[in-house]
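Here is the structure we will look at.
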Amino acid sequence: MYRVLIVDDEPLIRDGLTSLIPWSDHGFQVVDTAVDGHDALQKLKTHSIDLVIIDIRMPGMDGIQLIETIRQTNADIRFIILSGYADFEYAQKAIRNHVTGYLLKPIDEDELIELLGPLKEKMDTKKEIMQLQSHNLSFHKDQLIQILLNTNDAAEHPDVKSKIEELKLDWKKFTLVLIKEQTRNKLEANPLNSLKEKLETVVEAEKGIVFSTAEPYIGILLKESLRTEESQKNLFEIISKTAGKESIIAGISEEFLSIYGVKHAFDEAKTLLGQHFFYMENGILKKNSELFIKEHQLTDIEILHHEFPLHLYSEKIYYAIDLADKEAVAERLLEAAQVMVKLDFNEDEIRKRFIQLVTNLLSKCSAAKPALQQVITEVSTSVVVDIHHQPNLYSLICYLNKILRKIIDHLDAGDQTIQIKKLVDFIHRNYYKNLKLETLADLFNYNSAYLGKLFKNYTGDYFNTYLDKVRMENAKALLSQGNKVYQVAESVGYANVDYFHNKFKKYIGMSPTTFRKKGRTENA
């Protein structure tokens, strides 16, 4: 359907033309009306119009002025003018502005319909010619790009120079943008082909050329830089708006000065897209894009046989959930991701391991915490699909944090058992510090005497006794490694070596020196 705008200051004429003419029978559709020339110019900004039916005399801006204004920016719109007998001179001016038709008021419906038939034929013919030209141009563009991408010395190829001249690609600078879909629309056979056609209409007029490759990409060769974040954002908004429901990502090459640099630029952008899962950004990638996990963040955990220690991380994260420690959950998830990256796992392998990890966690929580069954069931129904739909590793970790936090939120935050578990965990992580029950009572918002009773009921030991036992177990490990007694005393939280000596003998049954010698003898 060709789109029509009716411009007339008389409501009866606007309404009459809109409703009385069977527009669709003749291949047209009235998309809007305007009350004067200024209103028409605003409507043209929001609608793509093929035909304007316009009153020649209107207040403010008359029909001729409106036609001349439109012609300055659009030579393709067709016009049919409406006028009275006294407007013949105006009509002559309109005809000189290449107006398609001229109708006297009052409008005869049949006369207007007689104009629409031939007009549609002309517009159809022009459309076919333009499509053919566009198809030929598109073929030459793609052919040239393929030669440049697949030929080592493209400058010596017999067809390259002529095609560059034909396509007028002697630009002063170039930037390549490579586009790839993230999620396929199953209802559309080849959404990238459709996207390419749409991008050609919005990009090629001013910015550059659009091309396709044998691989699943669309390329945009721009004759401008994309150095600023604003220019990159603006371009991605254009691409995203054109793509509609299709989820896409784009890689931007650095600026280059010759069309012959397109191969290097293509490889550069393709590498970015191939690694998009590991970047923070979820839309447009460039050379300085931020990786989610940087090399200096990787852990030094020992990994046997280059396998991800699934059981270890299931235990670590379950322990954090059991303590209702959301920060610890986030830290363990990030650590698990770091280990997978260190193992050079690809995107599919990482998704698979996280599915296994979450499945194990949900099973553990379900077995140990019946009160969480409802929320675990809710999470379980969509977790596998949702993990596959996360666009990158950062989004995946955020999603997993969200669902595990949801489980923690359903635990009773005021449960005294959880608070004591947190205290015990705190002791095991900070035993070497100067820990006092009174200080920890303030930290956990408890009366110290009451906290002491709860702790004794849970662990079977008084606070200081439990702390000493934890310190002694760590001291044994350090002494077995051959560390000197004074070093071990300081490492486990005792400033006085003699005091440490007495404590060790009390709990272990021998002096630290004897234990150290015994351990060295057994290891010899």
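Throughout, read-outs are computed from the coordinates displayed, never taken from laboratory work. Since the structure is predicted, the reported quantities are computational estimates derived from the model, not experimental observations. We place every Cβ from the backbone using ideal geometry, glycine too, and count neighbours over all the protein chains shown.
Can you sort Asp461, Asp348, Asp36, Asp8 by how many other beta carbons sit within 10 Å, fewest first?
In order of increasing Cβ crowding within 10 Å: Asp348, Asp461, Asp36, Asp8.
At 222 nm, what helix-only mean residue ellipticity would the chain give, in deg cm²/dmol to the nearest 500, using -39500 (n - 2.57) for each DSSP H run of four or more?
On the way: 22 runs with 295 residues, N = 524.
Helix-only estimate at 222 nm: -18000 deg cm²/dmol.
Find how many whole Å separate the alpha carbon centroid of the range 453-504 from the alpha carbon centroid of the range 371-438.
For the range 371-438 versus the range 453-504, the Cα centre distance is 30 Å.
Which value in Å is the Kirkwood Rh of the range 322-446 over different Cα pairs?
About 16.3 Å, per the Kirkwood formula over Cα pairs.
Sort the following peptides by mean Cβ neighbour count (other Cβ atoms within 10 Å, averaged over residues), highest first: 384-391, 464-471.
On the way: 384-391: 14.9, 464-471: 18.0.
My ranking of the peptides, most packed first, is 464-471, 384-391.
Just need the Rg to Rh number for the range 2-124, please, alpha carbons only, Kirkwood Rh.
Rounded to two decimals, Rg/Rh equals 0.91.
Taking the Cα atoms only, what angle lies between the long axis of helix 109-150 and the longest principal axis of the chain, rounded to 10 degrees?
50
Tally Lys/Arg at +1 and Asp/Glu at -1 over every other residue whose Cβ is under 12 Å from the Cβ of His388; what's the total?
-1
Please work out the FRET efficiency for the pair Glu166 and Asp124, using the Cβ-Cβ distance as r and a Förster radius of 30 Å; give the result to the nearest 0.05.
Once rounded, the FRET efficiency stands at 0.60.
Which net charge results for the neighbourhood of Ser225, defined as the other residues with beta-carbon distances under 10 angstrom from its beta-carbon, given Lys and Arg at +1 and Asp and Glu at -1?
Values: positive: Lys173, Lys223, Arg227; negative: Glu224, Glu254, Glu255.
The answer is 0.
Helix 262-274 versus the longest principal axis of the chain: what angle, 0 to 90°, nearest 10, using Cα atoms?
Long axis of 262-274 versus the principal axis of the chain: about 50 degrees.
Please list 156-164, 478-486 highest first by mean number of surrounding beta-carbon atoms within 10 Å per residue.
Top to bottom by mean Cβ count within 10 Å: 478-486, 156-164.
Between Asn152 and Ser380, what FRET efficiency comes out of the Förster formula 1/(1 + (r/R0)^6) with R0 = 56 Å and r the beta carbon distance, rounded to 0.05? Numbers along the way, then the final one.
On the way: r = 54 Å, r/R0 = 0.96.
That pair, Ser380 with Asn152, gives E of 0.55.
I'm checking a number: the convex hull volume of the Cα atoms of the range 332-381, normalised per residue, in Å³. What is it?
Working: hull volume 3.9 nm³, N = 50.
About 77 Å³ per residue, rounded to a whole number.
Could you tell me the relative contact order of the chain? Use alpha-carbon pairs under 8 Å, at least six residues apart, and round to a whole percent.
Relative contact order comes out at 7 percent.
With each label point set 7 Å from Cα along the Cα-Cβ vector, what nm distance links Glu215 and Ser480?
Once both label points are built, they end up 5.3 nm from each other.
Among 311-317, 509-515, 495-501, what's the highest-first ranking by average C-beta atoms within 10 angstrom per residue?
Per-residue Cβ counts within 10 Å, averaged per peptide and sorted highest first, yield 311-317, 509-515, 495-501.
Taking only Cα atoms, what is the 0 to 90° angle, nearest 10, from helix 448-459's long axis to the longest principal axis of the chain?
80
Quote the Stokes-Einstein diffusion coefficient, in whole µm² s⁻¹, for the chain, based on the Kirkwood radius over alpha carbon pairs, a temperature of 10 °C and a viscosity of 1.306 mPa s.
Working: Rh = 30.6 Å.
The estimated diffusion coefficient comes to 52 µm²/s.
Would you mind counting up the charge near Tyr431? Only other residues with Cβ under 14 Å from its Cβ, with Lys and Arg at +1 and Asp and Glu at -1.
+2
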